[in-house]
Every structure is written in structure tokens, then in C-alpha cells.
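Colleague: First the structure, which I've put down as C-alpha cells, then a few questions once you've had a look.
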Amino acid sequence: MRRLGSVQQKIPCVFLTDVKEEASRKREHQQFQVVATENVNPVALEANVDCAFATEKLDGTCCYVALYQGQPYLWARLDRKPNKQAEKRFKKHQHTHKSCKDFSWNVEEDFKTVPEPWIPAHRVKHSNGHPIPDEHGHIPGWVPVQKGNKQYCWHSSVVDYELGVALVLKPGCDDDDDDLLEITALPLADLQEQTLELIGTNVNGNPYGLGSKKQPIHCLVPHGSIPVRNPPPVNFQLLRSWFQENCEGRVEGIVWHCNDGTLIKIHRHHLGLRWPDGETRLASRPAVVRLGGASVACSSGEGLLSWFSPLNGQRFSQLQDVQL
């Protein structure tokens, strides 16, 4: 797999955005929408987005693989957020100034506590030894997914720390079918310092149709691993038409990986389009289960990896047809 940019911070939109005073299509209880204008973001122009590698933006929850207690571990995204009093002050400032800028935080007192192993994301700025919140008032960060933690049970289902492997969805290796996806077990050590998207039955409404309530299926997808074929130029109208009319456009969005390491994105909601809207591109792609040598070891364990072992070598016409 080609290793691309790690998602540690919020990714800017490829277009400059505007705020509309109407209910969000993306977030419940949010009474405004962030929409794209037709003006390309100078950040994207500076990073030469027209020459960037376009990949599918996946609809799940962000994860990270890094060492914890000397062992490669899966970490869940956990942003440190303001407490109620600080949030009230912050919203009042936003309303008065129509901006998040120039708000003063007291980092020691204004933020909710986080679990002891929590770490801030890469490139979070610090002042006097304390991480500084971003423009939205959040401090992006990570917490290790420990076995038995009910809050992260779906994260736990895709890793086996004793075997040191994770259940991963990635492009297949068949030369005769470049549409094929592969469900496999990869060593966590090989995924170290990468970010991945956890997708599946109990994540974000399951737009990819994975598993069922009775037998949920979840897996990790390395960021930047699913290329967008023949992406449209960075033009508002062309992109909007591509999402609506092209079968390759049945995706949540695009993330461009620029040569200088900058990440730029576009989401359907930025363009006023629904998501999901019918069958998704990922769900309709053929898939094969290839656990390789890990299948024997996995079959004797518990959890999702062991349940996948009997499917080793099986091919499915669509990813959403994979059932345990």
C-alpha cells in the first residue's frame, strides 16, 4: 500500500467556505451549515492540489496506531473539549464577533479531563507545557484502545493484541481486477504511526452496509489507501456534477494528498449534496477475504478475527455481501 499523509488535524476544505444560518444536514442539533464557495482555498493552491493524489474520504471514525506500554496499539480519536462554562463563553464570543479568533482560553481550567494515557495529536501547538486548542475550541488527541473498555468495543473488535494484528480493508492485489477489495489481517507493527478509519455496522449509520445487528462487522481502512479513479479537476461545478452523475462519485468526499504533505478535502455536504445517497461506491465493490497464515492463529482466538477465519479465501461480488 502507498503510505500517505497521516490525519492528525482537521483537514481544510479545497474551497473557501461560508456559514449559512440553516440546520446542518451533517450534524444533528447544529443550526448552521458550512458550505463551499466557488473560490479555491489559497492553502490548496499553494500545495498544488491539481497535482495531488486523490483518495476516497471514508465515513467512519479516525484511529491511530502507535506504541503504548512498549507494544503497537490502536488508539481512538478523543478530542479534549471545553467544559460547560468555557463553552458558553466561547459561543458568546463567536456570536458577538462572528468569529472564533482572538478568544482567550485558560487551558488549565477551561477543558474537561481526559483519561491519563491521552496524548495530543501531532502538530498541536503548546504554550507553557499545555496543548493549545484549535480554532473550534478542541484539542485533537488520542486514547489507547484497551481490552474490555466498553466505550471502544467496536475498536477492540478489529485488533488482537496477543497476535499483534488488526483486521484491515485495503485494495486487492489481483492484476485482473483493480476494483477488488481485500479483507486481511496485518501486523500492527506494519501500521505504526499511520492513521486509519474504523468503518462498519455500528459506526456513523453504516453507509457501507457491513454486517448486521446480530453479527456486526467492523474493519480498519488505512487513510489514503483507496484511490479515486479519474477524479475531476478542482472546479466547483465539475466536482458537484461528478458526485451526482458519476458512479465513482458515490463517495462521502475526496481527500487530496499533496506532494508537500498537505491534506485537502471536499465533502458532499460542502456542495449541498446528501450523504449517503443510494448505494455507496465502496459497498458495491467486489471483495475477497485473505487472512493468509494468520487464519490458523486467528481461528483459535475470540472475536471478529476468529469469525473471519472460516471465510478465508472466499470471494464476494460486493463488499456489503460479506456476512459471518
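The values are calculated or read from the model by the stated rules, or taken from the named source; none is laboratory data. Small disclaimer: the values here were computed from a predicted structure and weren't measured. Because the Cβ atoms are built from the backbone with ideal geometry, glycine has one as well, and the counts that use them run over all protein chains shown. Note: areas computed on protein heavy atoms with side chains; ligands, DNA, RNA excluded. Shrake-Rupley method; radii C 1.70, N 1.55, O 1.52, S 1.80 Å.
Colleague: Can you tell me which of (1) over 25 Å from PRO120 (Cβ atoms); (2) buried (at least 23 other Cβ atoms within 10 Å of the Cβ); (3) touching a His at 6+ places or on another chain (Cβ under 8 Å) is the one ILE217 doesn't meet?
Modeller: Here ILE217 meets the rest and fails (3).
Colleague: Applying the selection to the stretch 68-100, what residues are hydroxyl-bearing (Ser, Thr, Tyr) and buried (at least 19 other Cβ atoms within 10 Å of the Cβ)?
Modeller: The answer is TYR73, and nothing else.
Colleague: Does ILE266 satisfy being crowded, with 22+ Cβ neighbours inside 10 Å and within 27 Å of LEU16 (Cβ to Cβ)?
Modeller: yes
Colleague: Follow-up. For ALA166, are the conditions met, namely being in a strand (DSSP E or B) and of a type outside the set (Phe, Trp, Tyr)?
Modeller: yes
Colleague: If you don't mind, another one. If I filter the stretch 106-121 for residues that are open to solvent by 60 Å² or more (accessible area, probe 1.4 Å), among the charged types (D, E, K, R) and not in a loop (DSSP other than H, G, I, E, B), do I get at least one hit?
Modeller: no
Colleague: Consider PHE316 against the criteria (1) of a type in the set (A, V, I, L, M, F, W, C); (2) under 16 Å from THR184 (Cα atoms); (3) crowded, with 20+ Cβ neighbours inside 10 Å: it satisfies all of them except one. Which criterion is unmet?
Modeller: Among (1) of a type in the set (A, V, I, L, M, F, W, C); (2) under 16 Å from THR184 (Cα atoms); (3) crowded, with 20+ Cβ neighbours inside 10 Å, the lone unmet condition for PHE316 is (3).
This table checks each residue for (1) open to solvent by 20 Å² or more (accessible area, probe 1.4 Å); (2) within 30 Å of VAL14 (Cβ to Cβ); (3) in contact (Cβ under 8 Å) with a residue 40 or more places away in the chain.
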site	(1), (2), (3)
GLY211	no, no, yes
TRP242	no, yes, no
GLU248	yes, yes, no
CYS258	no, yes, yes
GLY261	yes, yes, yes
GLY272	yes, yes, yes
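Colleague: Check VAL65, VAL43 and return the single one that is modelled with pLDDT of 95 or more, touching a strand residue (DSSP E or B) at 6+ places or on another chain (Cβ under 9 Å), outside any strand (DSSP E or B) and surrounded by 15 or more Cβ atoms within 10 Å (Cβ to Cβ).
Modeller: Answer to the selection: VAL43.
Colleague: It is to be established whether one or more residues within the stretch 171-193 are in a loop (DSSP other than H, G, I, E, B), crowded, with 20+ Cβ neighbours inside 10 Å and under 17 Å from the mean Cα position of the chain (by Cα).
Modeller: No, because not a single residue in the stretch 171-193 is in a loop (DSSP other than H, G, I, E, B), crowded, with 20+ Cβ neighbours inside 10 Å and under 17 Å from the mean Cα position of the chain (by Cα).
Colleague: Something else now. Could you check the stretch 194-204 and list, in sequence order, the residues that are farther than 17 Å from LEU305 by Cα and assigned to a strand (DSSP E or B)?
Modeller: Those that are farther than 17 Å from LEU305 by Cα and assigned to a strand (DSSP E or B): THR195, LEU196, GLU197.
Colleague: Condition first: open to solvent by less than 30 Å² (accessible area, probe 1.4 Å), within 18 Å of the chain's Cα centre (by Cα) and aliphatic (A, V, I, L, M). Can you find one or more residues in the stretch 229-237 that meet it?
Modeller: Scanning the stretch 229-237 turns up no residue that is open to solvent by less than 30 Å² (accessible area, probe 1.4 Å), within 18 Å of the chain's Cα centre (by Cα) and aliphatic (A, V, I, L, M).
Colleague: Kindly indicate whether any position in the stretch 50-61 is open to solvent by 60 Å² or more (accessible area, probe 1.4 Å) and assigned to a helix (DSSP H, G or I).
Modeller: Scanning the stretch 50-61 turns up at least one residue that is open to solvent by 60 Å² or more (accessible area, probe 1.4 Å) and assigned to a helix (DSSP H, G or I).
Colleague: Same structure, new question: Can you list the strands (runs of 3 or more DSSP E) found entirely within the stretch 205-324 that contain at least 1 residues being touching a Cys at 6+ places or on another chain (Cβ under 9 Å) and modelled with pLDDT of 95 or more?
Modeller: Output list reads 218-222, 263-267.
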